[in-house]
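The values are calculated or read from the model by the stated rules, or taken from the named source; none is laboratory data. Small disclaimer: the values here were computed from a predicted structure and weren't measured. Please note: Cβ atoms are built from the backbone with ideal geometry, for glycine as well, and neighbour counts cover all protein chains shown.
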Amino acid sequence: MEQYIIEGNRLIAEFDMLSMVEGGFYSIAGYLRTADELQYHSSWDWLMPVYQKICVIVDDWAIEDTDKYGEGLILYNIAYERIGDGEPITEAFSYIVQFINWYNKTKS
């Protein structure tokens with residue numbers, strides 16, 4: 001598996017607040033998975049709840065803060081278009097990873 005996908009899956013797992021347990025495993029619905037076994041890059045069932053979490057974040061932003069959140073809104077809108085247009089999941093995954101990277105930088 002490509003390093004970008006593994007790192008993206010890890011980033012999304014942390015954003016999705018999955019708990020990492022001893023040995024570098026993620027606890028998901030009672031199952032332990034390694035970073036290589038995370039499926040955000042290949043399963044809409046995994047990726048869509050994360051996208052919905054991003055929607056809640058974006059909905060909470062005040063309209064007058066568009067200067068502060070401009071780049072995040074652009075990344076969010078591109079992900080929205082990729083999902084709505086039936087693009088391959090890899091396209092939506094890429095923009096969600098970019099959004100989370102941007103979000104993590106701005107919230108700290």
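Quick rundown of the values:
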{"read-out": "Selection within the range 90-108 - aromatic (Phe, Trp, Tyr) and farther than 14 Å from residue 57 by Cα", "value": "93, 95"}
{"read-out": "Complete set of residues in the range 15-60 that are touching a Gly at 6+ places or on another chain (Cβ under 8 Å) and at pLDDT below 85", "value": "35, 58"}
